[in-house]
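Asks: Would you mind keeping the following structure in view while I ask a few things?
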Amino acid sequence: MGLALVHGRARAGIRAPAVQVEVHLGGGLPSMSIVGLPEAAVREAKDRVRAAIQCAQFEFPARRITVNLAPADLPKGGGRFDLPIALGILAASGQVPRDALRDWEFIGELGLTGELRPVDGVLPAALAVAGSGRRLVVPMANGAEAALSSDVEVRTARTLLEVCALLTGNRELPQATAPAQRAVHGVDMRDVRGQAQARRALEIAAAGGHHLLLIGPPGCGKTLLASRLPGLLPEASEAEALETAAVLSVSGRGLDPACWRTRPFRSPHHTASAVALVGGGGEPRPGEISLAHHGVLFLDELPEWDRRALEVLREPLESGVVTISRAARQSEFPARFQLVAAMNPCPCGWAGDVSGRCRCSSDAIRRYRARISGPLLDRIDLHIDVPRLPPAALRPDAPEGEPSAAIRARVEAARAIQHARGGTLNARLDQGATMRACRLQPRDQALLERAIDALHLSARSMHRILRVARTIADLDNSETIATAHLTEALGYRGVGAVDAGPAC
Ligand SMILES: [Zn+2]
């Protein structure tokens, strides 16, 4: 009976659904067809598989070969099915034992001489195999990445011949091991001199998971500040780090298994396309917002960004996921990032500076700020001015700032309070939970309502102010929100929001 079944894995978003590779050898003229919605790359597999089998000194059966990739409705791209297809043909023609295939899954692209080449998306596959009770064989170059999934046995091979030797019981394949984590010497808040207000806002952002907008002249240190936010966040849990690593694994940019525990900091340039920012393409790949999953996305020069690209951010900012639709297929990627945006206060960058250098008309300033949509600004909880520092603050003997580790300890304490109370960070509380967790004294409620009126803020903004006030109270280890907490939170909505331009 010329039939064999091999287990493989497809790639869909950051999931790796199971695929059965069925190979049937029948009578008739020698031919090979692959069915089950294969894309161009899978059809090319035919030529690679034939050459690899012949180069490995096996016989390519002169039969009518039918390869079925099931389920048929699952999109399948890339060369990842080369190895399972080749093994299926060898098993169906009796050259390797069919029963030996049962407990294994295989992923790998074949070169013409039978060497195994690495593919992307191996980590999601390894995570998925862990639940199946089977073991996994991957190309040698993918071994370290696959081994990050600690609940599955992963073996590595360099060639098709080595895999066949495993199946015939003639040799063992080496077990993949995860590399030791390389210490990443991140940037530290110690290097930030002065900027007390911005430091405070970063701490609040880190504590409550709030998005942040920095407004200041060129060279005032906006990038310096933003790049230090990941270092203020608690260490990512293993589950979080694996999700972030899985995004990188399917992105085609290469995942470095030696520093997968580090929270990402992504800072795409403002000329980046909407696809680069949110993801897309024929075989959908994650964009910058997903690469920043569980980390920080820094958008500098916010008014220079393509407005349409920024509009797409609104949905993932709320939901933490992005759905990419391309023709018949939909891909979902996680995008639970913390946004830090930065902008100059006016076209020349010097509005409000003590030097009086700014010559921009109030009209020009209004037009400049109106380039950012109101609804996007509305979703950013903390807006702060970052002034240029006086030269004295930049002298080499100026006092160092408080180190990141000390700030992170306070952030972790405030986060523990939030998780005990609502099971999530303050920034992610829904409307009902916000009303329950953020009760104000009557006098403060009146103060908040007056401020909402004066600043023409939306109901959404009001909830955001309450959540920021809650975080400030948590940093203060205070069960109730006091007047000082509320007034500080209001201060972070005073700039930018007023001149936000028309809502769209
Ligand atoms: Zn100006």
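The values are calculated or read from the model by the stated rules, or taken from the named source; none is laboratory data. Computed from a predicted structure; not experimentally measured. Every residue, glycine as well, gets a Cβ built from its backbone with ideal geometry; the counts of neighbours run over all protein chains shown. Just the protein is used for accessible areas: all its heavy atoms, side chains included, with ligands, DNA and RNA removed. Shrake-Rupley method; radii C 1.70, N 1.55, O 1.52, S 1.80 Å.
Asks: When you look at L297, is it farther than 30 Å from A72 by Cβ, assigned to a strand (DSSP E or B) and free of Cβ contacts under 8 Å to residues at least 60 places away in the same chain, yes or no?
Replies: Values: farther than 30 Å from A72 by Cβ: yes; assigned to a strand (DSSP E or B): yes; free of Cβ contacts under 8 Å to residues at least 60 places away in the same chain: yes.
Answer is yes for this residue.
Asks: Taking I65 as meeting all but one of (1) open to solvent by less than 20 Å² (accessible area, probe 1.4 Å); (2) part of a helix (DSSP H, G or I), write down the number of the exception.
Replies: The failed condition is (2).
Asks: Can you find a residue that is within 18 Å of L425 (Cβ to Cβ), of a type outside the set (V, I, T) and either surrounded by 24 or more Cβ atoms within 10 Å (Cβ to Cβ) or more than 16 Å from the ligand (Cβ to nearest atom) (or both) anywhere in segment 305-316? Even if it seems obvious, please write down each step before you answer.
Replies: If we filter segment 305-316 for residues that are within 18 Å of L425 (Cβ to Cβ), which is where we start, we get 316.
From the residues that got through so far, the ones that are of a type outside the set (V, I, T) too are 316.
Checking which are either surrounded by 24 or more Cβ atoms within 10 Å (Cβ to Cβ) or more than 16 Å from the ligand (Cβ to nearest atom) (or both) leaves us with 316.
The answer is yes, given that some residue of segment 305-316 is within 18 Å of L425 (Cβ to Cβ), of a type outside the set (V, I, T) and either surrounded by 24 or more Cβ atoms within 10 Å (Cβ to Cβ) or more than 16 Å from the ligand (Cβ to nearest atom) (or both).
Asks: Working only within segment 417-432, note down all residues that are within 16 Å of H210 (Cα to Cα) and either open to solvent by 60 Å² or more (accessible area, probe 1.4 Å) or touching a Phe, Trp or Tyr at 6+ places or on another chain (Cβ under 9 Å) (or both).
Replies: Matches in segment 417-432: H419, R428, D430, Q431.
Asks: With respect to V275, determine if the residue is assigned to a helix (DSSP H, G or I), under 20 Å from R326 (Cβ atoms) and open to solvent by 20 Å² or more (accessible area, probe 1.4 Å).
Replies: Details: assigned to a helix (DSSP H, G or I): yes; under 20 Å from R326 (Cβ atoms): yes; open to solvent by 20 Å² or more (accessible area, probe 1.4 Å): yes.
Here the answer is yes, as V275 does meet what is asked.
Asks: Got a number for residues in segment 322-364 being of a type outside the set (G, A, S), modelled with pLDDT of 90 or more and under 36 Å from the mean Cα position of the chain (by Cα)?
Replies: Residues flagged as of a type outside the set (G, A, S), modelled with pLDDT of 90 or more and under 36 Å from the mean Cα position of the chain (by Cα) within segment 322-364 amount to 16.
Asks: Take the residues in segment 329-380 that are closer than 30 Å to A245 by Cβ and either free of Cβ contacts under 8 Å to residues at least 40 places away in the same chain or part of a helix (DSSP H, G or I) (or both), then tell me which one is nearest to the ligand (Cβ to nearest atom). Reasoning before the result, please.
Replies: Taking segment 329-380 as the starting set, the residues that turn out to be closer than 30 Å to A245 by Cβ are 329-342, 376, 379-380.
Still in the list and also either free of Cβ contacts under 8 Å to residues at least 40 places away in the same chain or part of a helix (DSSP H, G or I) (or both): 330, 376.
On the way: Q330: 44, L376: 22 Å.
Residue satisfying both the conditions and the ranking: L376.
Asks: In addition: Kindly state which helices (runs of 4 or more DSSP H) lie completely within segment 176-259 and contain at least 1 residues that are among the basic types (K, R), out of contact with any helix residue (DSSP H, G or I) (no Cβ under 6 Å at 6 or more places or on another chain) and buried (at least 20 other Cβ atoms within 10 Å of the Cβ).
Replies: Details: elements: 196-208, 222-226, 238-251.
Filter on segment 176-259 gives 222-226.
Asks: Right, another one. If G133 satisfies all but one of (1) closer than 19 Å to L101 by Cβ; (2) open to solvent by less than 30 Å² (accessible area, probe 1.4 Å); (3) among the small types (G, A, S), what's the number of the condition it fails?
Replies: (2)
Asks: Still on this structure: Out of all the residues in segment 287-297, is one or more open to solvent by 50 Å² or more (accessible area, probe 1.4 Å) and of a type in the set (D, E, K, R)? I'd like the intermediate steps shown before the answer.
Replies: We begin by selecting, within segment 287-297, every residue open to solvent by 50 Å² or more (accessible area, probe 1.4 Å); these are none.
The answer is no; no qualifying residue exists.
Asks: Between G13, G26, G8, G36, which is surrounded by fewer than 21 Cβ atoms within 10 Å (Cβ to Cβ), small (G, A, S) and either over 30 Å from R326 (Cβ atoms) or within 30 Å of the chain's Cα centre (by Cα) (or both)? So that I can check it myself, show each step before the final result.
Replies: Numbers: G13 fails: surrounded by fewer than 21 Cβ atoms within 10 Å (Cβ to Cβ); G8 fails: surrounded by fewer than 21 Cβ atoms within 10 Å (Cβ to Cβ); G36 fails: either over 30 Å from R326 (Cβ atoms) or within 30 Å of the chain's Cα centre (by Cα) (or both).
When all the criteria are applied, what remains is G26.
Asks: If you check A398 against the conditions, is it without any contact (Cβ under 8 Å) to a residue 40 or more places away in the chain and away from the ligand (no atom under 16 Å from the Cβ)? Can you show your working first?
Replies: Values: without any contact (Cβ under 8 Å) to a residue 40 or more places away in the chain: no; away from the ligand (no atom under 16 Å from the Cβ): yes.
Judged against the criteria, A398 is not a match.
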